[in-house]
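The values are calculated or read from the model by the stated rules, or taken from the named source; none is laboratory data. None of the values given here were measured: they were computed from a predicted structure. Cβ placement follows ideal geometry from the backbone for every residue including glycine, while neighbour counts extend to all protein chains displayed.
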Amino acid sequence: MEHVAAFVDAHLDRFIEELSAWVRIPSVSSDPARAGEVERSAQHLAAELRSLHATRVEIWPTAGHPAVFAEWLGAPGKPTLLVYGHHDVQPVDPLGEWTSPPFEPEVRAGRLWGRGTADDKGQVHIHSKAVETLFASAGRLPINLKMLIEGEEEVGSQHLGDLLRERATDLAADVVCISDTSMFGPNVPSLCVGLRGLTYLEVTVDGPAADLHSGMFGGAIGNPINALTTMLGALHDPAGRVRVPGFYDAVVPLSDAERRSIAALPFDEGAWLRSTGAPAPVGESGYTTLERLWARPTLDCCGIWGGFQGDGAKTVLPARAGAKVSCRLVPNQEPDDIARKVAATLERLAPSAVRVRVAVLHGGSPYLAPTEHPVYALAQRALHRAFGKPPVFMREGGSIPFVRTISDATGKPCLLMGFGQPDENAHAPNEWLDLENYRRGILSAAYLYEEIADMVISPGDAPARSG
């Protein structure tokens, strides 16, 4: 495999140029005016994969944006790996905050700057360059490989579930690898083994039929803002626990071994806190900051409105107030169940002087990887070879609903092997990809394919513990 590293180093500049050409395509899936660009992005990727000895490359249309499928089935009797990624990107607003234009990628200070460099074109490109490298070095792939690169991840993977069901035979594999996450920190190779889920609600509190004069009616007619803030304030106790009956019933507690593993990570809480600008951390008592972020559920008010918002004073008793409420979920919580419990609690807390409506906007289930599956030891070996140090297991506090979608559809473990950085600005101006991570990512993917070649898959292998 020394030929692998030599080939990557000899061709790295070309790889970066080819990635830059793809980044120049503004495939913003949330913008209807850019639908043609998302299609062009799919065509661009398909053309590249066809040049890499794929036995089959197809663009799969959906009711929204297209996905790209490719496969290399030249290793009879060897395991099959399915690589998932996405080629659509986030909007670029506010444009004025970009140092260089978002779709004119630029190399500065060892980073490639541009929209999609880290999320997720750069990480998809890592796998395509690993394929090229292995063919150039060994003339073949050591395993059977499939790729599914969708075009709707940034708008909620709206049609991914349908695609997985309709194309289940095409997508059959022994293991799934997803490169769409970040490492724990600079030069800390990582495998993400847990993601929180999400349920998101909107609560509306109605009082009088119209805004009323606060002098003529205040104190005699229920104020929706007063009612709403009282209701929201009652959702937590002084120790930071959520006061929703049944909220914690299904929560899988951290084991002592998991808590020791998290405590051993090189986490600088002071630096983390300074990066937020907040004066002090808060949260559920009895848990560390990383435990709260990764393995404990939350309930937060994400927005609130009602009454007069303009300059100066207006003595009004508002007719209506509202709030957005999100809950981050952990295994084995499910979004529909938690949404029902939160809605019932809000309705119960509402005073009789107002009316309450709760709407569920969206959600996604948590994911916990089956780290006892042999692929996790193999992935650790691959990352160790590429980075020269053993990787860490980590979780992420955010939610990636498609991971659970894929896990449930395939019944296979989802290996989350990402190469971004926590501060890469993936959804903000000035997104960037660390080019040394890009290089080592290509090596990691190539080594992973080699390691998986010797993996024995038995029919009774357990699916992922998806929560």
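Before we move on, is Ala359 of a type in the set (A, V, I, L, M), farther than 29 Å from Ala5 by Cα, buried (at least 17 other Cβ atoms within 10 Å of the Cβ) and not assigned by TED's automatic domain parsing to the domain that holds Ala446? Before the answer, list the steps.
Values: of a type in the set (A, V, I, L, M): yes; farther than 29 Å from Ala5 by Cα: yes; buried (at least 17 other Cβ atoms within 10 Å of the Cβ): no; not assigned by TED's automatic domain parsing to the domain that holds Ala446: yes.
It is false that Ala359 is of a type in the set (A, V, I, L, M), farther than 29 Å from Ala5 by Cα, buried (at least 17 other Cβ atoms within 10 Å of the Cβ) and not assigned by TED's automatic domain parsing to the domain that holds Ala446.
Identify, from the list Phe393, Phe308, the residue that is within 23 Å of Ala250 (Cβ to Cβ), among the aromatic types (Phe, Trp, Tyr) and not in a helix (DSSP H, G or I). Walk me through it before giving the result.
Values: Phe308 fails: within 23 Å of Ala250 (Cβ to Cβ).
After ruling out the rest, the residue left standing is Phe393.
Here is a list of conditions, (1) in a loop (DSSP other than H, G, I, E, B); (2) under 28 Å from Val392 (Cβ atoms); (3) in contact (Cβ under 8 Å) with a residue 24 or more places away in the chain; (4) touching an Asp or Glu at 6+ places or on another chain (Cβ under 9 Å), and Arg259 meets all of them except one; can you say which number that is?
Tallying (1) in a loop (DSSP other than H, G, I, E, B); (2) under 28 Å from Val392 (Cβ atoms); (3) in contact (Cβ under 8 Å) with a residue 24 or more places away in the chain; (4) touching an Asp or Glu at 6+ places or on another chain (Cβ under 9 Å), Arg259 fails exactly one: (1).
Inspect all residues belonging to the stretch 371-380 and state whether any of them is in contact with a Ser or Thr (Cβ under 7 Å, 6 or more places away or on another chain) and not acidic (Asp, Glu).
No: zero hits.
Listed residues Ala386, Ala353, Ala382; which is more than 14 Å from the chain's Cα centre (by Cα), more than 28 Å from Asp249 (Cβ to Cβ), touching a residue at least 60 places away in the same chain (Cβ under 8 Å) and in a loop (DSSP other than H, G, I, E, B)? Even if it seems obvious, please write down each step before you answer.
On the way: Ala386 fails: in a loop (DSSP other than H, G, I, E, B); Ala382 fails: in a loop (DSSP other than H, G, I, E, B).
Checking each option against the conditions leaves just Ala353.
Residues checked against (1) within 28 Å of Trp98 (Cβ to Cβ); (2) modelled with pLDDT of 95 or more; (3) buried (at least 21 other Cβ atoms within 10 Å of the Cβ); (4) touching a Gly at 6+ places or on another chain (Cβ under 6 Å):
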{"position": "Arg115", "(1), (2), (3), (4)": "yes, yes, yes, no"}
{"position": "Lys121", "(1), (2), (3), (4)": "yes, yes, yes, no"}
{"position": "Val124", "(1), (2), (3), (4)": "yes, yes, yes, yes"}
{"position": "Pro142", "(1), (2), (3), (4)": "no, yes, no, no"}
{"position": "Lys146", "(1), (2), (3), (4)": "no, yes, yes, no"}
{"position": "Gly161", "(1), (2), (3), (4)": "no, no, no, no"}
{"position": "Val175", "(1), (2), (3), (4)": "no, yes, yes, no"}
{"position": "Pro186", "(1), (2), (3), (4)": "yes, no, no, no"}
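In a helix (DSSP H, G or I), small (Gly, Ala, Ser), within 31 Å of the chain's Cα centre (by Cα) and not assigned by TED's automatic domain parsing to the domain that holds Gln380: does that describe Ala250? Reasoning before the result, please.
Values: in a helix (DSSP H, G or I): no; small (Gly, Ala, Ser): yes; within 31 Å of the chain's Cα centre (by Cα): yes; not assigned by TED's automatic domain parsing to the domain that holds Gln380: yes.
For Ala250, the condition - in a helix (DSSP H, G or I), small (Gly, Ala, Ser), within 31 Å of the chain's Cα centre (by Cα) and not assigned by TED's automatic domain parsing to the domain that holds Gln380 - is not met.
Among (1) among the charged types (D, E, K, R); (2) in contact with a helix residue (DSSP H, G or I) (Cβ under 7 Å, 6 or more places away or on another chain); (3) within 26 Å of Ala263 (Cα to Cα), which single condition is Arg296 missing?
(2)
Test of understanding: among Leu235, Leu299, which residue is in contact (Cβ under 8 Å) with a residue 60 or more places away in the chain, in contact with a Phe, Trp or Tyr (Cβ under 8 Å, 6 or more places away or on another chain) and under 25 Å from Val356 (Cα atoms)? Walk me through it before giving the result.
On the way: Leu235 fails: in contact with a Phe, Trp or Tyr (Cβ under 8 Å, 6 or more places away or on another chain).
Testing whether each residue is in contact (Cβ under 8 Å) with a residue 60 or more places away in the chain, in contact with a Phe, Trp or Tyr (Cβ under 8 Å, 6 or more places away or on another chain) and under 25 Å from Val356 (Cα atoms) leaves just Leu299.
Got a number for residues in the stretch 303-321 being touching a residue at least 60 places away in the same chain (Cβ under 8 Å) and within 31 Å of the chain's Cα centre (by Cα)?
Result for the stretch 303-321: 1.
Given Val107, Val131, Val176, which one is in contact with a Phe, Trp or Tyr (Cβ under 9 Å, 6 or more places away or on another chain) and closer than 30 Å to Trp272 by Cα?
Working: Val131 fails: closer than 30 Å to Trp272 by Cα; Val176 fails: closer than 30 Å to Trp272 by Cα.
Criteria check complete, one pass: Val107.
Would you check if Pro401 is more than 30 Å from Gly240 (Cβ to Cβ) and either crowded, with 21+ Cβ neighbours inside 10 Å or in contact (Cβ under 8 Å) with a residue 40 or more places away in the chain (or both)?
Answer is no for this residue.
Within the stretch 123-132, is there a residue that is of a type in the set (Ser, Thr, Tyr) and in contact with a strand residue (DSSP E or B) (Cβ under 6 Å, 6 or more places away or on another chain)?
no
Go through the residues of the stretch 234-241 one by one and say whether even a single one is among the aliphatic types (A, V, I, L, M), surrounded by 14 or more Cβ atoms within 10 Å (Cβ to Cβ), under 28 Å from Pro422 (Cβ atoms) and not assigned by TED's automatic domain parsing to the domain that holds Gln421.
No, that holds for no residue.
Among the residues of the stretch 322-350, write down those that are of a type outside the set (A, V, I, L, M) and either part of a strand (DSSP E or B) or under 20 Å from the mean Cα position of the chain (by Cα) (or both). Outline the logic, then answer.
To start, the set of residues in the stretch 322-350 that are of a type outside the set (A, V, I, L, M) comprises 322, 324, 326-328, 331-337, 340-341, 345, 347-348.
Of everything in the stretch 322-350, those that are of a type outside the set (A, V, I, L, M) and either part of a strand (DSSP E or B) or under 20 Å from the mean Cα position of the chain (by Cα) (or both) turn out to be Gly322, Lys324, Ser326, Cys327, Arg328, Pro331, Asn332, Gln333, Glu334, Pro335, Asp336.
When the residues of the stretch 207-233 are filtered to those that are surrounded by 18 or more Cβ atoms within 10 Å (Cβ to Cβ) and of a type outside the set (A, V, I, L, M), which remaining residue is farthest from the chain's Cα centre (by Cα)?
The residue in question is Gly222.
Please go through the stretch 32-69 and pick out each residue that is in contact with a helix residue (DSSP H, G or I) (Cβ under 8 Å, 6 or more places away or on another chain) and acidic (Asp, Glu).
Glu48, Glu58
Given the conditions (1) over 25 Å from Leu232 (Cα atoms); (2) in contact with a Cys (Cβ under 8 Å, 6 or more places away or on another chain); (3) of a type in the set (Lys, Arg), and given that Lys324 satisfies all but one, which numbered condition is not satisfied?
Among (1) over 25 Å from Leu232 (Cα atoms); (2) in contact with a Cys (Cβ under 8 Å, 6 or more places away or on another chain); (3) of a type in the set (Lys, Arg), Lys324 violates only (1).
Yes or no, residue by residue, for (1) surrounded by fewer than 21 Cβ atoms within 10 Å (Cβ to Cβ); (2) of a type in the set (Gly, Ala, Ser); (3) in contact with a strand residue (DSSP E or B) (Cβ under 9 Å, 6 or more places away or on another chain); (4) on the phi > 0 side of the Ramachandran plot:
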residue	(1), (2), (3), (4)
Trp272	yes, no, no, no
Tyr287	yes, no, no, no
Gln309	yes, no, no, no
Ser326	yes, yes, yes, no
Gln333	no, no, yes, no
Lys341	yes, no, no, no
Ser352	yes, yes, no, no
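Which residue is surrounded by the most Cβ atoms within 10 Å (Cβ to Cβ), if the candidates are limited to the stretch 404-438 and must be within 26 Å of Pro101 (Cβ to Cβ) and aliphatic (A, V, I, L, M)?
Leu433
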